[in-house]
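**Q** So that we are looking at the same thing, I have put the structure below in structure tokens.
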Amino acid sequence: MQSFLTCKFDTSCKTLGQQYNYGKGDYENLCEFMDIDWEPYLRQCNSIDAKWLLLKNRLIEGIEKFVPKISKFCEWRKPSWKNPLPRDIREKIRYKHRLWNRYIETRDLEYLTKYKKIRNNIRRITRQKQKN
């Protein structure tokens with residue numbers, strides 16, 4: 001008999017401290033850890049709530065063993081990332097990248113001059129934004 005367990009985890013950045021890095025978890029060993037004979041294990045308790053607590057505690061114990069923890073990004077990110085650039089500036093940056101790629105592909109000096117103008121414009125805007 002084979003059984004499946006599906007769990008949904010809320011991994012949003014709501015609290016300070018560490019969080020589990022589920023992308024780097026050792027799920028093969030977690031599955032082996034969870035692969036026990038559940039009938040005698042759950043027979044220890046009579047109520048459904050107690051059985052749920054046994055299952056939940058076993059899963060939490062496995063997660064703590066096989067899923068590494070990392071510090072939350074929101075604690076150590078740079079101050080500039082806390083105030084992201086407005087949409088119009090981000091679009092100008094994308095346009096700058098497109099111009100550079102066009103210049104590299106064609107070696108047309110018109111693209112290079114457009115690129116330099118918008119590069120200088122973006123630099124001026126972002127420096128003004130940092131001062132404010």
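**Q** Name the single residue that is surrounded by the fewest Cβ atoms within 10 Å (Cβ to Cβ) among those in the range 16-35 being modelled with pLDDT of 90 or more and assigned to a loop (DSSP other than H, G, I, E, B).
**A** For the range 16-35, the residue satisfying everything is Asp35.
**Q** Just give me the residues in the range 36-50 being surrounded by 12 or more Cβ atoms within 10 Å (Cβ to Cβ) and of a type in the set (Ser, Thr, Tyr), in sequence order.
**A** Tyr41
**Q** Residues of the range 36-71 being within 15 Å of Lys24 (Cβ to Cβ), of a type outside the set (A, V, I, L, M, F, W, C) and assigned to a loop (DSSP other than H, G, I, E, B), which ones?
**A** Pro68
**Q** Does at least one position in the range 39-57 carry a residue that is out of contact with any Gly (no Cβ under 7 Å at 6 or more places or on another chain), under 21 Å from Gln19 (Cβ atoms), modelled with pLDDT of 90 or more and not hydroxyl-bearing (Ser, Thr, Tyr)? Break it down stepwise before answering.
**A** Looking only at the range 39-57, we keep the residues that are out of contact with any Gly (no Cβ under 7 Å at 6 or more places or on another chain), and these are 39-57.
From what's left, under 21 Å from Gln19 (Cβ atoms): 56-57.
Filter once more, so that each one left must be modelled with pLDDT of 90 or more: 56-57.
Checking the rest, the ones that are also not hydroxyl-bearing (Ser, Thr, Tyr) come to 56-57.
Checking the range 39-57: at least one residue is out of contact with any Gly (no Cβ under 7 Å at 6 or more places or on another chain), under 21 Å from Gln19 (Cβ atoms), modelled with pLDDT of 90 or more and not hydroxyl-bearing (Ser, Thr, Tyr).
**Q** Of everything in the range 58-92, what is modelled with pLDDT under 90 and not charged (D, E, K, R)? Give them in sequence order.
**A** Result: Ile70, Ser71, Phe73, Cys74, Trp76, Pro79, Ser80, Trp81, Asn83, Pro84, Leu85, Pro86.
The values are calculated or read from the model by the stated rules, or taken from the named source; none is laboratory data. Fair warning: this is a prediction, and the values are worked out from it, not measured in the lab. Cβ coordinates were reconstructed from backbone atoms using ideal geometry, including for glycine residues, and neighbour counts include every protein chain displayed.
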